[in-house]
Amino acid sequence: MYETLAILAAFVFLYSTVGGGLERTPINGALVFTAFGLVFGPLGLDLLDLDVGAEGLRTLAELTLAMVLFTDASNSDLGVLKKNIRIPGRLLLVGLPLTIVFGFGVGVVLFGGLTLFEVAILATMLAPTDAALGKAVVSDERVPANMRQGLNVESGLNDGICVPILFVFLGLAVAASGQGGGEVSPLMLVVEEIGVGAAVGIGLTLLGTWVIRHAAGRDWINETWRQLPVPALAVSCFALAQALGGSGFIAAFVGGLLFGAIAKEHKPKYLLAAEGTGDTLSLITWVVFGAAVVGQSVDAFSWQVVLYAVLSLTVVRMLPVFLVLAGMNLRGDEKLFAGWFGPRGLASIVFAVIVLNANLPGGHTIAMTAVCTILLSVILHGLSANPLVAALASKEKGSDA
């Protein structure tokens, strides 16, 4: 245990000293963290003893995602978003269902051993994009503001929307496999997940923001404790929504949007610590992913798994985005850019753990496909972010000239 702790601490220290410099290169944090887990995990030097169970990994990934969603939403520019609400609206209401349908079609062709419900599960768990992995794009001011805000909102809400859909298909798959399960009411499940999640996010954030303003006005929050209110509020939104049967991810993102809108004078100093907490949790999650998940799953990869992963990151994602953005006064390269930057990450990790816990006959294949897709996404999206942003910015200047 102490050897593992020493290695992790040394890695965190070293990365913290060079992280800012790496952000200006094609190498992103998730790629570095995953590679570290692979090199020092069972597949490499076998020096990391990360005996993290399925529930432990799920909890870690969920908390990380909730923190990232809250802080990213808080940093959203609602003024720009209001003017360009059609972009995330189309991506979520039309593009997301189309992505699931396309993923389902590809899965039916490639995975003859999976049931239709299992293929639907796979398509759903790989449809949502990752706000954290796409941070280099949505935070770079060289990317047009309407596209940045659109992609940020899409990545913030699509995982929460996919949660009830995933559980509908999961319930149907479990029932079809003869393992039990009652009748599923898809409409009620979706309404409950989204409605309860949004209500909790709004209610807790209104209360929390009022408390912060009240305490800050009386100078009760000193420098030492200023780091805690926003992380605690983000976790509270997520956990309470989950406990009440709603989507904690919807709660975290909606709460973050509201906090950013009504706590403007307190936002900069309180968000900084929360972003650091989210980055630290992300680091640990990706290290565990590289060491405890990827490192133990390489032998299970097949050509079908790899091909599905490649198609999921390209045609399955990019074609629906290109189609739904028609008539939006966007150039062809901007539509392709928006389609390509649909990285898969934390949400898909959470979904994969949920599927593994369900003990479906095809659960292993589903989980391995998710692992391969996430790994390819970490590499390809990480390496291409800065070069493609620069190319898009250059084309933008050329069109303005």
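Every number here is computed from the coordinates shown, using simple stated rules; none is lab data. As the structure is a prediction and not an experimental result, all values here were calculated from the model. Note that each Cβ is placed from the backbone with ideal geometry, even for glycine, and that neighbours are counted across all protein chains shown.
Taking springs between alpha-carbon atoms closer than 10 angstrom, which of I165, I349, I221 fluctuates most in the Gaussian network model of the chain?
Residue with maximal mean-square fluctuation among I165, I349, I221: I221.
Give me H214, H364 sorted ascending by neighbouring Cβ count inside 10 Å, so fewest comes first. Could you put the intermediate results ahead of the total?
Values: H214 10, H364 14.
In order of increasing Cβ crowding within 10 Å: H214, H364.
Of all the Cα-Cα pairs you can form in the chain, what percent are over 32 Å apart? Before the final figure, lay out each step's value.
On the way: 26335 of 80200 pairs.
Of all Cα-Cα distances in the chain, 33 percent exceed 32 Å.
For the pair R213 and L383, how long in nm is the line joining their label points, each one 7 Å along Cα→Cβ?
The answer from the label model is 4.9 nm.
Debye calculation, C-alpha points only, no solvent: report log10 I(q)/I(0) for the range 212-305 at q = 0.21, 0.23 Å⁻¹, in the same order as the q values.
-1.08, -1.17
Grab the Cα-Cα distance for V108 and A6, subtract it from 0.36 nm times how many residues apart they are, and report the gain in nm with one decimal.
Numbers: separation 102, 0.36 × 102 = 36.72 nm, distance 4.60 nm.
Length difference between fully extended and current span is 32.1 nm.
Assign one of three labels to the range 21-72, namely rounded, prolate or oblate, based on the Cα gyration tensor with a ≥ b ≥ c the square roots of its eigenvalues; rounded applies when a/c is under 1.5, prolate when it is not and a/b is larger than b/c, and oblate otherwise.
On the way: a/c = 3.97, a/b = 1.09, b/c = 3.66.
Here the range 21-72 falls in the oblate category.
With unit charges on the beta carbons (Lys and Arg positive, Asp and Glu negative) and the dipole taken about the Cα centre of the chain, which residue among L22, V12, S155 sits farthest to the positive side?
Value: S155.
Report the residue, chosen from G362, G255, G20, that carries the largest GNM mean-square fluctuation when the chain is represented by alpha-carbon nodes joined by springs under 10 Å.
Maximum among the listed residues: G20.
So, in Å, what gap is there between the alpha-carbon centers of the range 125-175 and the range 213-265?
That distance is 21 Å.
What is the fewest-to-most order of M125, M328, M67 by other Cβ atoms lying within 10 Å of their Cβ?
Values: M125 30, M328 16, M67 26.
By the 10 Å Cβ count, ascending: M328, M67, M125.
Below 8 Å between Cα atoms, with a sequence gap of 6+, how large is the relative contact order for the chain in percent? It would help to have the intermediate numbers written out before the result.
Working: 591 pairs, mean separation 121.4, N = 401.
Taking the mean separation of contacting Cα pairs over the length of the chain, I get 30 percent.
Can you name the helices of the chain, as whole DSSP H runs, whose Cα span along the helix axis is 27 Å or more and whose Kyte-Doolittle mean is not below -1.0?
Numbers: long enough: 2-22 (29 Å, 1.41); 54-74 (30 Å, 0.80); 145-176 (46 Å, 1.02); 186-217 (46 Å, 1.30); 267-288 (31 Å, 0.43); 363-400 (50 Å, 0.82).
Those that pass (Cα extent of 27 Å or more, hydropathy at least -1.0) are 2-22, 54-74, 145-176, 186-217, 267-288, 363-400.
Count neighbours as other Cβ atoms within 10 Å of each site's Cβ, and list the GluC sites (Glu not before Pro) in the range 208-316 that are DSSP loop with at most 13 such neighbours.
Details: sites: E223, E265, E275; in loops: E223, E265.
The qualifying sites are E223, E265.
Within a 10 angstrom radius of the beta carbon, how do T280, T34 rank from fewest other beta carbons to most? Present the calculation step by step, with values, prior to reporting the outcome.
Details: T280 14, T34 27.
With the sparsest Cβ surroundings first, the list reads T280, T34.
Using helices alone, I'd like the mean residue ellipticity at 222 nm for the chain: each DSSP H run of four-plus residues gives -39500 (n - 2.57), total over residue count, nearest 500.
On the way: 18 runs with 290 residues, N = 401.
Mean residue ellipticity at 222 nm (helix-derived): -24000 deg cm²/dmol.
Is there a quick way to get the dipole size of the range 55-400? I mean about its Cα centre, with the Cβ of Lys and Arg at +1 and of Asp and Glu at -1; what is the value in debye to the nearest 20?
On the way: 20 positive and 23 negative charges, 152 e Å.
It works out to roughly 720 debye.
Expressed as a fraction of 2.2 N^0.38 Å, the rule-of-thumb size for a compact globular protein of N residues, what is the C-alpha radius of gyration of the range 66-181? Before the final figure, lay out each step's value.
Values: Rg = 16.6 Å, N = 116, 2.2 N^0.38 = 13.4 Å.
Normalised by 2.2 N^0.38 Å, the Cα Rg of the range 66-181 equals 1.24.
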